[in-house]
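Just so it is clear, none of the values below were taken in a lab; they were calculated from the coordinates. None of the values given here were measured: they were computed from a predicted structure. Reconstructed Cβ throughout: ideal geometry from the backbone, glycine too, with neighbour counts over all protein chains shown.
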């Protein structure tokens, strides 16, 4: 039996978030709002420039997921390839990729809180 897209997102988030850190959890919670306010490309550039472990880890997880979903637009799951793909994407493809990023992040922020390492008070 085939999984629904929601099940696939949940399973991917579950696998990525096992044992994730408190900073990863916090970043996952805030990322959807950042994307809504600034845009997907700006947020990817911000995370890449930060270079902190949680930023690079979440960036890698998100880029890998988007590459799996949109391999013709995003041929490789690395930062430079994804940015090039997004810059050359048709507007409808760009909107679908952004919507998919937000849908995946809804699951990731929930799973990060549920299965990640508990943050120190």
task: Scan the stretch 13-24 for residues that are closer than 18 Å to residue 65 by Cα and surrounded by fewer than 19 Cβ atoms within 10 Å (Cβ to Cβ) and jot them down.
output: 14, 15, 18
- request: Hey, could you check the stretch 30-41 for residues that are in contact (Cβ under 8 Å) with a residue 40 or more places away in the chain and within 18 Å of residue 113 (Cα to Cα) and say which is surrounded by the fewest Cβ atoms within 10 Å (Cβ to Cβ)?
  value: 32
Qualifying position, being within 12 Å of the chain's Cα centre (by Cα), more than 16 Å from residue 65 (Cα to Cα) and surrounded by 14 or more Cβ atoms within 10 Å (Cβ to Cβ), among 27, 44: 27
field: Within the stretch 15-121, helices (runs of 4 or more DSSP H) holding 1 or more residues that are under 19 Å from residue 5 (Cβ atoms)
entry: 22-38, 40-50, 53-69, 91-115
